[in-house]
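First the structure, in the form of structure tokens, and then the observations on it.
The values are calculated or read from the model by the stated rules, or taken from the named source; none is laboratory data. This structure is a prediction, so every number in the text was calculated from the model and none was measured. Because the Cβ atoms are built from the backbone with ideal geometry, glycine has one as well, and the counts that use them run over all protein chains shown. Ligands, DNA and RNA are stripped out before the accessible areas are found, and what is left, the full protein with its side chains, is counted by its heavy atoms. Shrake-Rupley method; radii C 1.70, N 1.55, O 1.52, S 1.80 Å.
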Amino acid sequence: MIFKNKIFYFFIFLTGILAFLSAWASSSPDGLERVAQRFGFEGRAQNIFGSWLAGYLVPGVKNEKLAGWLAAAGGILIVFFLVQILRIFLAGKFIKRRNSW
Amino acid sequence: MHLPDGFLDFKTWLFFDIVSIFLVWRSLKKVNQELSERQIPLLGVLAACIFAAEMVNFPVIGGTSGHLLGGVLAALLVGPWPGFLIMSVVLLVQALVFQDGGILVLGANIFNMAFLGSFAGYYLFKWLASLLNQEKAAIFLASLISVVLAAIFCTVELAFSRVTSFFPVIFVMVGIHLLIGIGEGLITLGIYLAVKKIRPDLIYKS
């Protein structure tokens, strides 16, 4: 087993399920968007900076579900690895704390 | 509840950007005081899970949807400062990679969803747990209230930016987010209880 603890398998499994279900997520506007539509300020939204996976879809992939799953996988991996970078920083702080005891 | 660029005026987004930069800096200094070495490996998978959960919008009412925010869940499992940090990473990726939330207003989104969720939500949970002597009810209510609190602050920011009036927008925002908060409460409670069953020793203890 790669991970000794069951908890990691729980979160990996849950993350996979959620990413899979995202293909059937409601496409209705969220609360803020609905309020913006109702009170007439929706048009103020700007996309000042472009983004690679706007709308949680990989561009160029014709199958929308597949495009969504690929985007989800990409986002999950990016978030995971960014936190891992933080983890290295935190581990360094722990070593310093341990060594100072 | 991700604010896009253009919804807040310069002074408002700049203020919250400064506040959130300070909070992130503070969290990097404080996080190892709250986190046990054993919990560090949990951060990555928890952050990834919250990111995935935020993609699963569920219908609430009247053609509106909601999704988990995750601040209370993160704080319950790893503590308020680490919870805030991983929530900030999630929001950063959402804004930069997926255009879900603006870049200039990222500070406001971090404050509303990461800070209020992880801090206000967590300490609300502690207070409710001691008041009600019921952990599950406290988790549910704190999660629900954290979503409503974020909605209130969002409305304040919009009103302060003169994008819309505080009244009657606040009533609609609170009403919708009360319903979304029910989903937040149920999902947070479910995941927390699952972790408690599998590895209760990994759960943050203040």
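Per-residue ellipticity at 222 nm from helix content only, as computed over the protein assembly as shown with -39500 (n - 2.57) for each DSSP H run of at least four residues, stands at -22500 deg cm²/dmol. Across all directions, the shadow cast by the convex hull of region B:58-206 built on its C-alpha atoms averages 9.4 square nanometres. Against chain B, whose longest principal axis comes from its Cα atoms, helix B:135-160 is set at around 20 degrees.
Against chain B, whose longest principal axis is taken from its Cα atoms, helix B:40-54 shows a tilt of about 40°.
Taking amide hydrogens as placed 1.01 Å from N in the peptide plane, the amide H of B:Gly66 sits under 5 Å from those of B:Phe58, B:Val60, each at least 5 positions away in sequence or on another chain. Put B:Lys205, A:Lys62 in order of accessible area, highest first, and with a 1.4 Å probe you get A:Lys62, B:Lys205. Rounded to the nearest 20 debye, the dipole magnitude of chain B is 540 debye, with +1 charges on Lys and Arg beta carbons, -1 on Asp and Glu beta carbons, and the Cα centre as origin. Solvent-accessible area of region B:61-141 (1.4 angstrom probe, protein heavy atoms only): carbon and sulfur portion equals 69 percent.
Across every pair of non-identical alpha carbons in the protein assembly as shown, the mean reciprocal distance, once inverted, gives a Kirkwood radius of 19.5 Å. Only Cα sites of region B:67-142 enter the Debye sum here, all with the same form factor; the resulting log10 I(q)/I(0) across q = 0.25 1/Å is -1.02, listed in q order.
The dipole here belongs to the protein assembly as shown: it is taken about the Cα centre, uses +1 on the Cβ of Lys and Arg and -1 on the Cβ of Asp and Glu, and is about 1140 debye. Ligands, DNA and RNA are left out, and with a 1.4 angstrom probe the accessible area of region B:72-178 is 32 Å² per residue. Label 7 Å along Cα→Cβ of A:Ser26; region B:175-206 residues with amide nitrogen under 20 Å? The answer is B:175-191, whose backbone nitrogens lie closer than 20 Å to the label point. Total buried accessible area between A and B, probe 1.4 Å, nearest 100: 5600 Å². Share of carbon and sulfur in the accessible area of region B:1-50 stands at 70%, probe radius 1.4 Å.
Evaluate the Debye formula for region B:1-126 with equal point scatterers sitting on the alpha carbons, no solvent, and hand back log10 of I(q)/I(0) at q = 0.11, 0.17, 0.19 Å⁻¹, in q order, two decimals. Here log10 of I(q) over I(0) equals -0.37, -0.86, -1.05.
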